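The structure appears below as structure tokens.
The values are calculated or read from the model by the stated rules, or taken from the named source; none is laboratory data. Keep in mind that what you see is a predicted model, and the values were worked out from it rather than measured. Cβ placement follows ideal geometry from the backbone for every residue including glycine, while neighbour counts extend to all protein chains displayed. We work out accessible area using only protein heavy atoms, side chains counted, and drop any ligands, DNA or RNA first. Shrake-Rupley method; radii C 1.70, N 1.55, O 1.52, S 1.80 Å.
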Amino acid sequence: MNKEEEFVNLIHQNQGLIYKITSIYTRDRYEQDDLYQEIVYQTWKSFDNFKKAAKSSTWLYRVGMNTAITHMNRSKKQLQVVPLQDLKIQFSEQGDSEKEDKIQQLYTQIRKLNLLDRGIIFLFLEGKSYDEIAEISGISVSNVGTRMSRIKAKLKSGITTQTN
């Protein structure tokens, strides 16, 4: 398999991952498409540097998140997300408004976090371990733990304040 075929396969296998990254850093479809293209472009540019020692998804998370943060800083836009109603979250029971309210409160507080913290909580919610988060974000495992404690406290405080 040649380089181009490998790259296309990588992108096809990880479209959902790239979409998730773009959805937490953009508000509308236009911005999301633009960021998606930028992530694919940056992935192609750095494809020769991809060390097969790392899992391809871990490497792609790192490229995608770094690209998203750089893109947001370059465009000098505030970090934005897709409105919760556009995420099409499936609930286990229809009409479980209390659960839906709690999820909306959580996403409202996540939107208030800085770029790196938002990426860290995104990876945590994706089920990544602290080791994987550290590898993807480029910070130490202990720093991930410290940041996660602070993020959780901010989210809890914000949700508590929001409900009172």
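Could you work out how far the C-alpha centroid of region 13-58 sits from that of region 110-164, in angstrom?
20
What percentage of the solvent-accessible surface of region 93-164, computed with a 1.4 Å probe over protein heavy atoms, is contributed by carbon and sulfur atoms?
Carbon and sulfur atoms account for 48 percent of the accessible area of region 93-164.
Sorting Glu132, Glu98 by accessible area (1.4 Å probe), largest first, what list results?
Glu98, Glu132
Want the number for Glu100 to Ser56: 0.36 nm per residue separation, take away the alpha-carbon distance, what's left?
12.5 nm
Take the alpha carbon gyration tensor of region 1-69, find the square roots of its eigenvalues, order them as a ≥ b ≥ c, and report rounded if a/c is under 1.5; if not, report prolate when a/b exceeds b/c, else oblate.
It comes out prolate by the Cα gyration axes.
Please give the peptides 29-35, 63-69, 4-10, 19-25 ranked by average Cβ packing (other Cβ atoms within 10 Å per residue), highest first, as a rough proxy for protection.
In decreasing order of mean packing, 29-35, 63-69, 4-10, 19-25 become 63-69, 19-25, 29-35, 4-10.
7 Å from Cα along Cα→Cβ at both Asp131 and Leu116: what's the point-to-point distance in nm?
It works out to 2.3 nm between the two label points.
Applying the Karplus parametrisation 6.51 cos²θ - 1.76 cosθ + 1.60 with θ = phi - 60° to the phi angles of region 109-120, what ³J(HN,Hα) value in whole Hz is obtained for each residue in order, glycine and proline being reported as x?
Rounded to whole hertz, the list is 6, 4, 4, 7, 6, 6, 4, 5, 5, 5, x, 5.
Given region 96-135, report the % of alpha carbon pairs whose separation exceeds 14 Å.
More than 14 Å apart: 55 percent of the Cα pairs in region 96-135.
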